[in-house]
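Rule-based calculations on the coordinates, nothing more; no lab input. Small disclaimer: the values here were computed from a predicted structure and weren't measured. Cβ: placed from backbone, ideal geometry, glycine included. Neighbour counts: every protein chain shown.
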Amino acid sequence: MAAVVARQPILDKNKNVFAYELLFRGGDTGTENFDGDKATAQVISNTLESIGFKNLTEGKPAFINFTDKLLKQGIPDLLNPENVYLEVLENVKVDSHLLYVLKTYKDRGFKIVLDDFIFSKNLISLVKLADFIKIDFLAIRGDARKNIIEICQRYNPDLKFIGEKIETHEDYIMAARMGYDYFQGYFFIKPENIQTRESNSYEFSFFKMMEELNKEEPEFKTLEKIVKSDFSMSYSLLRIINSAYFGYDVKSIRQAIVLLGVDKLRKWSLLYFLKGLNNNKPDILFKTAVLRANFAESLSEYFSDDKSNNLFVLGLLSVIDGYLDRDIADVLEEISLFGEFKQALISREGKLGDLLSLIESFEKLNFKQCQQYLEDYSLDYDIISREYINSLEKSEEIIKAFENY
């Protein structure tokens with residue numbers, strides 16, 4: 001059975017990445033044949049043998065699910081307590097053996113996390129051992145989300161709480177006010193408040209650049225003029241094209257534009273503008289945009305019959321509304337983007353819409369939805385796993401290239 005290791009970010013109150021949860025997806029996940037022990041074993045073996053925790057989590061802690069069986073078998077002995085937090089699944093059988101094992105791991109420096117927690121008296125002994133408790137915001141509603149914090153802190157005042165499945169800014173704000181310390185979900189890619197406003201000078205340059213690049217035959221003189229009108233943009237272009245990522249030795253803006261060509265210039269322009277569009281957006285938004293772009297590009301042969309389609313750009317544009325806090329249809333109109341790209345980005349129509357939906361379902365580890373797209377496009381988890389890991393590695397290279405541009 002094919003296996004995939006994917007990650008989801010866990011953010012702190014400042015929307016900085018605190019950790020990543022590593023999860024397994026495979027052919028029988030979510031079915032009667034699903035084996036949780038095998039799932040965690042594959043997460044660990046895949047990560048240790050082929051990927052490496054540092055590559056997958058950027059040096060942040062990794063939350064990994066453990067069944068009571070794996071805990072009792074001593075599987076965490078293979079892991080470094082500085083790198084891994086033990087996430088105890090909600091369906092474990094609490095007995096003296098499990099409590100002894102968890103206390104032993106805690107004494108060795110492992111952090112204990114209780115997953116999808118719903119309070120009951122038979123779990124008090126676990127609460128006393130835990131460092132973190134995760135609350136599913138889809139399963140727990142209203143005041144119960146706050147009450148569970150108050151109840152658990154009676155038994156363990158040092159507990160930290162993670163709101164899980166936080167998919168809107170409203171849920172994020174509510175969770176923070178209730179006393180949650182960390183947040184897991186994709187609320188950060190969405191606009192905070194849809195705004196109708198005039199563009200600032202930085203955004204205006206972005207729109208001019210993208211409008212020209214989206215023409216059938218962009219004028220290089222016009223592109224050069226736009227770049228030269230902004231010192232920061234000029235510096236970034238020369239710095240990036242002369243970096244190890246592109247590997248050129250270029251001294252002039254005109255030469256840089258000609259060498260890159262239209263497709264690569266679209267990539268650079270979007271990366272440049274996304275990196276600087278809004279300083280109050282979390283870094284994880286840029287990382288997500290770059291990962292989506294690389295992932296979309298890697299799957300182009302399955303979703304696009306037109307080799308000229310720049311699916312890297314499609315991936316980047318899929319978060320542009322979150323950057324600008326504007327309706328995506330208005331943004332696309334302003335940069336003169338039409339056709340199947342526009343349909344895919346606004347309403348997830350067509351093959352490219354399916355590609356974005358597949359990426360989004362993979363991000364959220366929505367197995368049922370992901371599986372449907374895999375079947376429709378004759379994909380399997382071997383392909384998905386390989387391209388996802390390759391995309392992560394490429395994304396790190398790009399992000400490093402754009403640091404302190």
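At a glance:
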{"quantity": "Alpha-carbon Rg/Rh ratio, for the chain, with Rh computed the Kirkwood way", "calculated": "1.00"}
{"quantity": "Assigned charges on the beta-carbon of Lys, Arg, Asp, Glu; the chain dipole about Cα centre (debye)", "calculated": "1220"}
{"quantity": "Segment Thr168-Lys13, length gained on full extension (0.36 nm per residue, minus Cα span)", "calculated": "54.3 nm"}
{"quantity": "Contour excess over end-to-end distance, with Cα ends at Leu129 and Val94 and 0.36 nm allotted per residue", "calculated": "11.4 nm"}
{"quantity": "Unit charges at the beta carbon, dipole of the chain: most positive-side option, Phe362, Gln343, Asn147", "calculated": "Asn147"}
{"quantity": "Relative compactness, the stretch 201-401, computed as alpha-carbon Rg over 2.2 N^0.38 Å", "calculated": "1.02"}
{"quantity": "Compactness relative to 2.2 N^0.38 Å, alpha carbon Rg of the stretch 303-405", "calculated": "1.15"}
{"quantity": "Sorted largest first, extent of the stretch 350-399 alpha carbons per principal axis (Å)", "calculated": "31, 21, 18"}
{"quantity": "Cα centroid separation, the stretch 139-160 to the stretch 62-120 (Å)", "calculated": "20"}
{"quantity": "Of Tyr323, Tyr381, Tyr180, the one that fluctuates the most in a GNM where the chain has Cα springs shorter than 10 Å", "calculated": "Tyr381"}
{"quantity": "222 nm mean residue ellipticity, helices alone, for the chain (DSSP H n ≥ 4; -39,500 (n - 2.57); rounded to 500)", "calculated": "-15500 deg cm²/dmol"}
{"quantity": "Selection of trypsin sites (Lys or Arg not before Pro), the stretch 266-298, meeting DSSP coil and at most 16 other Cβ within 10 Å", "calculated": "none"}
{"quantity": "Whole-angstrom gap from the stretch 346-395 to the stretch 279-309, using each part's C-alpha centre", "calculated": "11"}
{"quantity": "Positive-end extreme of charge dipole, the stretch 224-337 - chosen from Val313, Leu285, Tyr235 (charges on Cβ)", "calculated": "Tyr235"}
